[in-house]
Amino acid sequence: MRDIYQDVTDKIVTALDQGVAPWIKPWSSSGSVHVGHHHPYPINAITRRPYSGINLPLLWAEARLQGFTQDRWLTFNQAKKAGGHIRKGEHSTLAILYKPMEREEQTESGQPIFDEDGQPRVIHFGILRMHFLFNIEQTEGLEAFNETPLETEPRDPFQANNSAENVLLGSGAKIVHRPAAEAFYHPLRDFIQLPKKAQFHNEGGYYATALHELTHWTGHSSRLQRGGITSPCPFGSPGYAFEELVAEMGAAFLCAYVGIQGELRHESYIDSWLNVLKADKRAIFRASGQARAASEYVLNLKQQLEQTILEEPIEQERQRLMESNS
C-alpha cells in the first residue's frame with residue numbers, strides 16, 4: 001500500500017527543491033477581476049467547494065510548477081459528467097481526501113466502555129485517501145466553467161488593502177512600526193515590530209511580512225500555545241525551522257484570504273525546511289494543520305470584532321429605549 005504521508009512530503013520537497021514555496025498562491029487576485037464569486041482558495045470547478053488543509057500547498061505547488069493561472073480543479077469523472085474531457089497526455093495532481101470517522105470505544109473483549117454519565121465513549125479519527133485532480137486548464141469542452149480575467153486599471157505602487165488591514169486590526173495584536181531593518185514577533189513582550197510601510201517595495205511585501213509575524217503571534221501561551229513560541233528553539237534548529245514553516249504557510253493562507261499575492265519571506269530557510277520534511281514525513285501535515293488553525297484563529301477574531309461593531313448600535317438603542325420608558 002502506498003504511503004500517503006510520504007507521497008505528500010515528496011511532492012512538497014520536489015517543489016522546494018525547485019525553489020517553489022508550495023503554500024504561496026501562484027497568481028494575484030488583485031490583478032484581475034473574475035466573473036462570479038471570488039474564492040481565495042483552490043475550489044472544485046463543478047461543485048465550487050473550496051479545498052482545504054494539506055490540499056492548499058499541494059494544489060498551489062502544482063499550479064506554480066505547471067504555470068496554471070486558475071485555481072479550479074476537478075476529477076476525471078467530473079469532467080466527463082460535465083460534458084468535457086481531460087486533454088490527452090495530461091497528468092493528474094495528487095490531493096488528499098480526509099474522511100472524519102467515529103466508533104464506540106471497547107475493551108479487549110469487545111465490551112463497550114462508558115463515561116461517567118453512563119454514555120458510550122466515542123473515539124474520533126480520520127481516514128486519508130488519495131484523490132487525483134486535474135486543473136480546469138487541462139480540460140476541453142468545459143469552457144462554461146472557466147473564469148474570464150478582465151483588465152483592471154493600473155494601481156499605485158503601494159495601496160492599502162482594506163481586508164488585510166481589518167485582519168490585522170481585528171486581531172488586537174500590538175503592532176509597532178519603526179524605521180528599522182527588522183520585522184519580528186517578541187513572545188515575552190507579546191508585540192510585533194514592523195518596518196514603516198514606506199520601506200516596503202509594495203503592499204504584497206508589507207502584508208506578507210505582517211501576516212507572517214501575526215501567525216507567530218497566535219502561538220503565544222494565552223492563545224494557541226504553539227511549542228515553537230511558548231518554548232522557542234535556537235536559531236537554525238529543526239524546531240525553529242518548523243515554526244518558521246508554520247508562519248510562512250499561515251501568512252500565505254491569510255494572503256489568499258485577503259486577496260493579495262503572498263511573498264516568500266525567508267528564502268534562506270528553504271534548506272532547513274527540506275531537512276525537517278525529509279526527516280519526518282508527517283511534519284508537513286502538522287505544519288499545515290497548525291498554519292490553518294492559526295489563520296482560522298485570526299479570522300475568528302476579525303469576525304468577532306465585526307459582530308461587536310454591528311451589535312453596539314442595537315445595544316445603544318435598546319438602552320436608550322429602556323431609559324426613555326423608565
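Each reported figure results from applying straightforward, stated rules to the coordinates on display, with no laboratory input. The structure presented is a predicted model; accordingly, all values stated were derived computationally and were not measured. Virtual Cβ from ideal backbone geometry, glycine too; neighbours counted across all protein chains shown.
In terms of the Cα gyration tensor, with a ≥ b ≥ c the square roots of its eigenvalues, is the stretch 122-245 rounded because a/c is under 1.5, prolate because a/b exceeds b/c, or oblate? In terms of gyration-tensor shape, oblate.
For the set 81/281; 196/281; 278/302; 25/281; 197/281, the pairs lying more than 31 angstrom apart at their alpha carbons are 81/281; 196/281; 278/302; 197/281. Short-range pairs are left out: with C-alpha atoms under 8 Å and at least six residues apart, the relative contact order of the stretch 163-326 is 23 percent.
If you take the alpha carbon atoms of the stretch 163-326 and fit the smallest convex hull around them, that volume is 143 Å³ per residue.
Counting other C-beta atoms within 10 Å, which of 189, 292 has the fewest, and how do the rest follow?
On the way: 189 9, 292 18.
Lowest count first: 189, 292.
When only Cα pairs below 8 angstrom with a gap of at least 6 residues are kept, the chain shows a relative contact order of 19 percent.
Of the peptides 170-177, 112-119, 9-16, the ranking by mean beta-carbon count within 10 Å, highest at the top, reads 9-16, 170-177, 112-119.
Rounded to the nearest whole Hz, the Karplus-based 3J(HN,Hα) values (6.51 cos²θ - 1.76 cosθ + 1.60, θ = phi - 60°) of the stretch 226-231 follow the sequence 7, x, x, 9, 6, 10, with x at glycine and proline. Dividing the summed helix terms, -39500 (n - 2.57) for each DSSP H run of n ≥ 4, by the number of residues in the chain produces a 222 nm estimate of -13500 deg cm²/dmol to the nearest 500. Remark: 218, 93 ranked as 93, 218, counting other beta-carbon atoms within 10 Å and listing the fewest first. What base-10 log of the normalised intensity I(q)/I(0) is obtained for the chain from the Debye formula, alpha carbons as equal point scatterers, at q = 0.14 Å⁻¹? Each listed q corresponds, in turn, to -1.18. Scoring 232-245, 98-111 by mean Cβ neighbours within 10 Å over their residues and listing the highest first yields 232-245, 98-111.
Of all DSSP beta bridges confined to the chain, the antiparallel ones make up roughly 80%. How big is the gap, in Å, between the Cα center of the stretch 237-274 and the Cα center of the stretch 64-85? Measuring centre to centre over Cα atoms gives 27 Å. Residue exposure proxy: 125, 184, 145, ordered by other Cβ atoms within 10 angstrom of their Cβ from fewest to most, comes out as 125, 184, 145. A simple rule links phi to the HN-Hα coupling: the Karplus curve 6.51 cos²θ - 1.76 cosθ + 1.60 with θ = phi - 60°, which for the stretch 192-204 gives 10, 10, 10, x, 4, 4, 5, 7, 8, 5, 7, 5, x Hz, with x for Gly and Pro.
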